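Asks: Handing you this structure, nothing more for now.
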Amino acid sequence: MKNLKIISFFLLGSLILAACENSSNTSSPNKPIQTKQTERTQQTTSEHSVNETSSLENLNAAMEKLKTGDITEISGSDFIVGEDIEPGRYIIKPAENEPVQFKIHYSNGESQTYYLGVSTKELAAFKLSKSDRIELTVKRMILEAELLNDPLPNLAKGETAYTSGNDVVVGEDLPAGQYTIKPIENEKVQFKIYHKDGNPQLYYLGKSTKNLKAFKLVAGDRIAITSKQNILEMTRTK
């Protein structure tokens, strides 16, 4: 009788051990799958973050390379482009830590008001044309405009440049050719192209349409950004 009890005890122990092993084998394969999924999620998030910041980083790097060190301080009465400051592309920002509001009266009769120093720190790759007029709202404030070397007129295949501010005329400011045109970061940019061989058309990038690809521009076309502080990235493809 005693031997029977011992045998029963060992049989019960064996059954419990087998059940534990089956439970362990059933649950363990899920662990590495969860880990891999987590790693893939983290990797995707990391790559997404890099993509989100890369276009702005490229813009900033390009602006640094194009700086000439030629700085004009704008304060007091209105500055006339071509008289008080030369036409060209600029980085425009407050000279001090105070926000600055000002209006630019463009030579085509349009005008826009800008507010720098809070959400928008500066205007980059910003084109000022002859006879544009810069009017400070508070005359004591100071704007700093640094002239840039402008790569657009000689842009070669495979090169990228940026435009903001006044209109770009193809054949003068930009070579005729094919381009990829897109906004910076997650900006939504509206602009109009006055096509030489047809009616003007309005384009809206950054929402359902992210960019224009293989887009042909011919001499005489004119690109007019609606909100002139927005920036378009232009890469020549042909």
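The values are calculated or read from the model by the stated rules, or taken from the named source; none is laboratory data. Because the structure is a prediction, the values reported are computed rather than measured. Note: ideal-geometry Cβ built from the backbone for every residue, glycine included; neighbour counts use all protein chains shown. Side chains are part of the model used for accessible areas, which takes the heavy atoms of the whole protein and leaves out ligands, DNA and RNA. Shrake-Rupley method; radii C 1.70, N 1.55, O 1.52, S 1.80 Å.
Asks: Provide the net charge surrounding Arg140, with neighbours chosen by a C-beta distance below 11 Å and charges set as Lys +1, Arg +1, Asp -1, Glu -1.
Replies: Values: positive: Lys139; negative: Glu96, Glu98.
Around Arg140, the surrounding residues sum to -1.
Asks: How large is log10 I(q)/I(0) at q = 0.17, 0.21 Å⁻¹ when the Debye formula is applied to the Cα atoms of the range 153-215, each weighted equally and without solvent?
Replies: Debye curve over Cα of the range 153-215, log10 I(q)/I(0) at q = 0.17, 0.21 Å⁻¹: -0.66, -1.03.
Asks: Now for a different question. Give the relative contact order (percent, whole number) for the range 148-223; include only Cα pairs under 8 Å separated by 6+ residues. Each step should come with its number before you reach the end.
Replies: Working: 119 pairs, mean separation 27.9, N = 76.
Contact order relative to length: 37 percent.
Asks: Expressed as a rounded percentage, what relative contact order does the range 94-190 have, with Cα pairs under 8 Å and six or more residues apart?
Replies: Details: 111 pairs, mean separation 26.0, N = 97.
Relative contact order comes out at 27 percent.
Asks: What FRET efficiency comes out for the pair Ser119/Arg140, r = Cβ-Cβ distance, R0 = 25 Å, nearest 0.05? Walk me through the intermediate numbers first.
Replies: Values: r = 23 Å, r/R0 = 0.90.
Step by step, r from the Cβ atoms, then E = 0.65.
Asks: Okay, moving on. Given the range 66-125, what whole percent of its Cα pairs are spread farther than 13 Å?
Replies: Value for the range 66-125: 68 percent of Cα pairs lie more than 13 Å apart.
Asks: While we're looking at this one, here's another question. Residues of the range 137-171 with backbone nitrogen within less than 12 Å of a virtual label 7 Å along the Cα-to-Cβ line of Asn58, please, listed as ranges.
Replies: Output list for this probe position: 158-162.
Asks: For Pro175, what is the net charge nearby, where nearby means another residue's Cβ is under 15 Å from its Cβ and Lys, Arg count +1, Asp, Glu -1? Write out the running numbers ahead of the final one.
Replies: Numbers: positive: Lys157, Lys196, Lys216, Arg222, Arg236, Lys238; negative: Asp150, Glu159, Glu172, Asp173, Asp221.
My count for the surroundings of Pro175 gives +1.
Asks: From the cross-link list Lys93/Lys213; Lys67/Lys238; Lys93/Lys216; Lys127/Lys188; Lys93/Lys238, which pairs have alpha carbons spaced over 30 Å apart?
Replies: On the way: Lys93/Lys213 32 Å; Lys67/Lys238 27 Å; Lys93/Lys216 33 Å; Lys127/Lys188 20 Å; Lys93/Lys238 34 Å.
Cα-Cα > 30 Å for Lys93/Lys213; Lys93/Lys216; Lys93/Lys238; rest within.
Asks: His195: net charge of surrounding residues, Cβ under 9 Å, Lys/Arg +1, Asp/Glu -1, itself excluded?
Replies: Net local charge, His195 excluded: 0.
Asks: Roughly how many debye, to the nearest 20, is the charge dipole of the range 96-202 about its Cα centre, given +1 on each Lys and Arg Cβ, -1 on each Asp and Glu Cβ, and no other charges? The partial results should precede the final answer.
Replies: Working: 12 positive and 16 negative charges, 53 e Å.
Here the size comes out at about 260 debye.
Asks: Same structure, new question: Compare Val169, Val100, Val138 by solvent-accessible area with a 1.4 Å probe and give them largest first, with all protein chains kept in place.
Replies: Details: Val169 35, Val100 0, Val138 70 Å².
Heavy-atom accessible area, descending, gives Val138, Val169, Val100.
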